[in-house]
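Here the structure is laid out as structure tokens; the discussion comes afterwards.
Where a number appears in this text, it was derived from the coordinates with a stated rule and is not lab data. Note that the structure is a prediction, hence the values are computed from the model and not measured. Ideal geometry is used to build each Cβ from the backbone, glycine not excepted, and the neighbour counts take in all protein chains shown.
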Amino acid sequence: MLSNTSHNVSEEGGTGGSGSDTTPTAVQTISALTTLEDVADAKRFVGANPSNYVKFNGNELWRIIGVYGNKLKIIKANETIGNIKHSNSSESNVWNGCYLQNYLNNDYYNSLSTTAKDMIETDTWYVGPGSYTETASQNYTRAKNVSWTGKVGIIATYEYLYAASNDCYNTTAYDYSSSCYSKDWIYLNNASYTWMITPFYENSVEVLYIRSGGGLLPDGMSVLHGVYPVVYLKSSVKITGGTGMSSDPYTLGL
């Protein structure tokens with residue numbers, strides 16, 4: 001459900017793993033990397049092509065967005081699950097209750113392997129409205145005003161903006177099409193014309209999406225855009241192999 005409360009430990013910090021098993025958790029392994037950017041209450045993979053590939057849901061390639069407290073947050077890599085509407089044009093553009101939110105947390109979630117479901121954490125997401133005329137930090141501040149709890153979402157505007165190298169963080173979302181798109185692995189993950197979880201701040205009938213060239217714009221909710229599912233992994237998940245390269249992705253275990 002929607003709330004205006006502060007985010008839970010996933011965005012604000014925590015520790016992973018306990019008990020007699022001394023194998024490091026995935027969070028501990030990834031947190032030890034020196035290449036992550038510590039920004040907006042998470043440790044994030046940034047730049048054009050970080051080594052953040054992971055196998056999930058069988059042999060599917062996903063990528064690690066970053067460490068959110070005691071959990072990893074990952075996004076499907078390379079191929080969308082299809083072009084899907086956000087919601088009907090007569091509805092509100094809020095995430096909670098929209099067509100896409102319901103589809104991802106029912107039909108899509110039910111299609112996942114049992115192992116994948118066992119790794120997914122129900123968690124809190126920032127889904128407040130954003131703007132293509134604002135920077136990463138401005139979009140992050142707006143996003144925190146509204147939260148939603150669920151299993152499957154999509155990328156937020158601020159997460160897309162913060163996936164670029166840090167010299168882009170003062171660039172507005174629209175202007176990522178000038179040079180920052182080439183420094184942002186999420187855009188380079190074939191993310192043109194894909195929905196964001198972020199409603200457009202200036203009205204209630206449009207949602208932000210990644211356009212061709214990497215900048216953000218709003219679009220009508222019944223338009224069909226690509227969808228890359230995003231999930232949080234449970235804090236107990238471990239990395240059992242791999243180096244994170246596309247040719248040698250991390251493998252996961254519980």
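For the chain, the tally of Lys pairs with Cα-Cα distances below 14 Å comes to 15, considering only residues 8 or more apart or on different chains. By the rule of a second cysteine Cβ within less than 4.7 angstrom, the chain holds isolated cysteines at Cys98.
An oblate overall shape is assigned to region 85-167, the ratio a/c of its alpha-carbon gyration tensor axes (a ≥ b ≥ c) being 1.5 or greater and a/b not exceeding b/c. Our coupling estimate for region 102-113, obtained by passing each phi through the Karplus curve with A = 6.51, B = -1.76, C = 1.60 and θ = phi - 60°, is 5, 4, 5, 8, 10, 4, 5, 4, 5, 7, 6, 5 Hz, Gly and Pro reported as x.
Assign one of three labels to region 19-76, namely rounded, prolate or oblate, based on the Cα gyration tensor with a ≥ b ≥ c the square roots of its eigenvalues; rounded applies when a/c is under 1.5, prolate when it is not and a/b is larger than b/c, and oblate otherwise. Oblate. Taking amide hydrogens as placed 1.01 Å from N in the peptide plane, the amide H of Gly47 sits under 5 Å from those of Ala164, Ser165, Trp185, each at least 5 positions away in sequence or on another chain.
Computed from phi, the 3J(HN,Hα) profile of region 162-174 under the Karplus parametrisation 6.51, -1.76, 1.60 (θ = phi - 60°) reads 6, 7, 7, 5, 5, 6, 9, 5, 9, 8, 5, 4, 5 Hz, with x in place of Gly and Pro.
In sequence order, region 183-197 has phi-based couplings of 10, 10, 5, 5, 5, 6, 8, 6, 9, 4, 6, 10, 6, 9, 7 Hz under the Karplus curve 6.51 cos²θ - 1.76 cosθ + 1.60, θ = phi - 60°, and Gly or Pro positions carry x. Under a 5 Å amide H cut-off, with hydrogens placed 1.01 Å from N, Leu72 pairs with Leu233 among residues at least 5 apart or on other chains. If you add up the charges near Val127, with Lys and Arg at +1 and Asp and Glu at -1, over every other residue whose beta carbon is less than 11 angstrom from its beta carbon, what do you get? It works out to a net charge of +2.
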